[in-house]
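Right, one structure below, let's go through it.
The values are calculated or read from the model by the stated rules, or taken from the named source; none is laboratory data. Model, not experiment: these values are computed from the prediction. All Cβ positions, glycine included, derive from the backbone under ideal geometry; neighbour counts span all protein chains shown. For the accessible areas, the whole protein counts, side chains as well, though only heavy atoms, and no ligand, DNA or RNA atoms are used. Shrake-Rupley method; radii C 1.70, N 1.55, O 1.52, S 1.80 Å.
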Amino acid sequence: MVTLREITKENYEECLSLRIADSQRNFVSSNERSLAQAWAYYDTAYPFAIYADHVMVGFMMLGYYEAEKYYTLWKFMIDQRYQNRGYGKVALRLGIAYLVNRFGVKEIYTAYYETNAVARNLYASIGFRETGEKNGSEVGMRLIIGDQ
């Protein structure tokens, strides 16, 4: 069973110990950096540990991007030991449900690096579609709630 749990003083060190594959290093921020951003943006960042039963398998941070006035999938990673087991897709759906239930969102934005086909395919499988916007090598995607 996959669940999202708050990052707390009891589990943050476990979150810091999560690792990605070397081939993903250019695509994913470190959890140290992500947790620092969550602290700095504490009123608009929503960090979660991803658990499979009682084992932390990943990290997700959702947020509200004030400059653009939209909600976003800001950070997302599954530890290299637990990839390709379906945890990511379930966790993304739980994150979407969190934003819908807590804030009533109608759309969610994210981005992926254009050379990261794994992320593009995962997000597309949930219903995200490319927006046509690019920021350097990042490609914007949007999920319209109800379309997935």
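Of note:
- Among the residues making up segment 28-78, those that are under 13 Å from the mean Cα position of the chain (by Cα) and not in a strand (DSSP E or B) are Val28, Ser29, Ser30, Asn31, Ser34, Leu35, Ala38.
- Every residue from segment 96-107 that is farther than 17 Å from Arg5 by Cβ, assigned to a helix (DSSP H, G or I) and either modelled with pLDDT under 95 or of a type in the set (A, V, I, L, M) (or both): Val100
- Lone unmet requirement of (1) more than 18 Å from Ser34 (Cβ to Cβ); (2) open to solvent by 20 Å² or more (accessible area, probe 1.4 Å) for Phe76: (1)
- From Glu6, Glu10, Glu66, residue being touching a Phe, Trp or Tyr at 6+ places or on another chain (Cβ under 8 Å) and among the acidic types (Asp, Glu): Glu6
- For segment 80-95, taking the residues that are over 13 Å from the mean Cα position of the chain (by Cα) and in a helix (DSSP H, G or I), the one that is surrounded by the most Cβ atoms within 10 Å (Cβ to Cβ) is identified as Tyr82.
- Residues (part of a strand (DSSP E or B) and under 15 Å from the mean Cα position of the chain (by Cα)) located in segment 108-137: Ile108, Tyr109, Thr110, Ala111, Tyr112, Tyr113
- Residue in segment 3-17 that is open to solvent by less than 50 Å² (accessible area, probe 1.4 Å) and assigned to a strand (DSSP E or B) present: yes
- Selection of segment 30-48 for residues being surrounded by 15 or more Cβ atoms within 10 Å (Cβ to Cβ) and touching a Leu at 6+ places or on another chain (Cβ under 7 Å) yields Asn31, Tyr46, Pro47, Phe48.
- Qualifying residue in segment 76-88 (condition: at pLDDT 95 or above, among the basic types (Lys, Arg), in contact with a helix residue (DSSP H, G or I) (Cβ under 7 Å, 6 or more places away or on another chain) and under 26 Å from Asp22 (Cβ atoms)): no
- Cβ-Cβ under 7 Å pairs, at least 6 apart or on other chains, segment 72-94 side among the basic types (Lys, Arg), far side surrounded by 14 or more Cβ atoms within 10 Å (Cβ to Cβ): Lys75/Ser29; Lys75/Ser34; Lys75/Phe59; Lys75/Met60; Lys75/Met61; Lys89/Leu122; Lys89/Ile126; Arg93/Ile126
- If only residues of segment 54-73 that are among the hydrophobic types (A, V, I, L, M, F, W, C) and open to solvent by less than 60 Å² (accessible area, probe 1.4 Å) are counted, the one that is nearest to Tyr112 (Cα to Cα) is Leu73.
- The residue that is surrounded by the fewest Cβ atoms within 10 Å (Cβ to Cβ), among those in segment 96-140 that are in contact with a Gly (Cβ under 8 Å, 6 or more places away or on another chain) and without any contact (Cβ under 8 Å) to a residue 24 or more places away in the chain, is Gly132.
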